[in-house]
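Below: the structure, in structure tokens.
The values are calculated or read from the model by the stated rules, or taken from the named source; none is laboratory data. Model, not experiment: these values are computed from the prediction. Methodologically, a virtual Cβ is constructed for each residue, glycine included, from the backbone with ideal geometry; neighbour enumeration extends over all protein chains shown. Each accessible area value is taken on the protein alone, full model and side chains, heavy atoms only, with ligands, DNA and RNA left out. Shrake-Rupley method; radii C 1.70, N 1.55, O 1.52, S 1.80 Å.
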Protein chains: 2
Amino acid sequence: MSSEHTLNCESTDHQMVSVIKRSDDVIEDTASLFSALGEVSRLRLLELLFDGPRCVSELAHETEQSMSLISQRLKILHQARLVNKERQGKHIYYSLSDEHIVQLLNNAFDHVEEHK
Amino acid sequence: MSSEHTLNCESTDHQMVSVIKRSDDVIEDTASLFSALGEVSRLRLLELLFDGPRCVSELAHETEQSMSLISQRLKILHQARLVNKERQGKHIYYSLSDEHIVQLLNNAFDHVEEHK
DNA sequence: TAAACAGTTTAACATTTGTTTAATTGTTGA
DNA sequence: TCAACAATTAAACAAATGTTAAACTGTTTA
């Protein structure tokens with residue numbers, strides 16, 4: 001890509017190119033989003049949610065890990081707006097926040113699978 | 001999404017649902033990819049590369065940071081296959097690896113900008 | 001070939017992050 | 001209301017990560 005860009009960079013006198021910059025807020029939130037996605041165990045949790053909503057004890061049971069651990073991971077995913085919470089009696093159900101996120105994840109998985 | 005899924009979870013007897021799992025390798029590489037994207041300064045670097053290839057000294061100059069720092073950040077981005085390296089005489093030019101990545105980034109930025 | 005420049009690597013340090021265990025909050029049903 | 005269950009929180013700790021400064025490698029050109 002971008003193969004038509006000139007590569008003229010002689011000594012330290014670089015010509016400044018004005019780039020359209022995203023706002024600090026957007027960059028920070030995007031970094032948080034990616035950061036939340038950047039861990040194997042959280043990615044596995046999201047993978048389980050692909051199949052539909054799950055409560056904390058279900059996820060703990062399915063992954064054979066403590067509820068505390070699962071809860072803390074879900075908190076990070078929730079803060080990054082990757083999952084929704086919904087209380088249903090004693091249980092709290094977590095689900096993927098929207099179709100956007102499903103697509104983002106599948107894109108990333110597919111991209112990685114291609115480059116193998 | 002997934003609003004038609006049943007939420008019947010009584011006591012701890014959860015019914016197991018067989019989910020199609022991605023391989024450990026794919027999950028790990030995807031986590032690395034997201035992890036590399038999950039930091040403000042690296043995201044800013046990628047943003048600069050949206051405009052075309054840049055060498056380390058250019059990026060250091062434009063961001064007013066040390067070449068060492070830029071070089072280390074680029075290394076992480078390169079290891080995650082987010083950017084390509086190409087030597088051109090004294091300079092090493094970095095560029096976004098492919099259009100897939102451009103789309104992934106723009107998707108994420110747009111998603112964050114929407115939810116504000 | 002040696003000086004100058006571009007880039008990378010290393011080691012040390014501070015900060016952040018993930019996990020464990022135990023205590024705490026919230027909800028239901030006997 | 002209180003016992004039992006579901007989930008969250010807090011504190012302590014280990015591991016991973018980002019930054020700085022200095023040493024090092026690679027390339028050009030005088």
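In the range B:63-91, which residues are facing another protein chain (nearest Cβ under 10 Å) and assigned to a strand (DSSP E or B)?
B:Asn84, B:Glu86, B:Gln88, B:His91
I'd like to know if the range B:29-36 contains one or more residues that are more than 15 Å from DNA strand C (Cβ to nearest atom) and within 30 Å of A:Ser57 (Cα to Cα).
Yes, the conditions are met somewhere in the range B:29-36.
Of everything in the range A:43-62, what is within 7 Å of another protein chain (Cβ to nearest Cβ), in a helix (DSSP H, G or I) and open to solvent by less than 30 Å² (accessible area, probe 1.4 Å)? Give them in sequence order.
Listed by number, the residues that qualify are A:Leu43, A:Glu47, A:Leu48, A:Ser57, A:Glu58.
So for the range B:44-51 (the condition being more than 11 Å from DNA strand C (Cβ to nearest atom), of a type in the set (Lys, Arg), out of contact with any Cys (no Cβ under 6 Å at 6 or more places or on another chain) and farther than 15 Å from B:Leu33 by Cα), does at least one residue qualify?
Within the range B:44-51, one or more residues are more than 11 Å from DNA strand C (Cβ to nearest atom), of a type in the set (Lys, Arg), out of contact with any Cys (no Cβ under 6 Å at 6 or more places or on another chain) and farther than 15 Å from B:Leu33 by Cα.
Quick grid of which residues meet (1) more than 7 Å from chain A (Cβ to nearest Cβ); (2) surrounded by 17 or more Cβ atoms within 10 Å (Cβ to Cβ); (3) closer than 20 Å to A:His100 by Cα; (4) modelled with pLDDT under 95:
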{"site": "B:Glu4", "(1), (2), (3), (4)": "yes, no, yes, yes"}
{"site": "B:Leu7", "(1), (2), (3), (4)": "no, no, no, yes"}
{"site": "B:Glu10", "(1), (2), (3), (4)": "yes, no, no, yes"}
{"site": "B:Thr30", "(1), (2), (3), (4)": "no, yes, yes, no"}
{"site": "B:Leu33", "(1), (2), (3), (4)": "no, yes, yes, no"}
{"site": "B:Leu37", "(1), (2), (3), (4)": "no, yes, yes, no"}
{"site": "B:Ser41", "(1), (2), (3), (4)": "yes, no, no, no"}
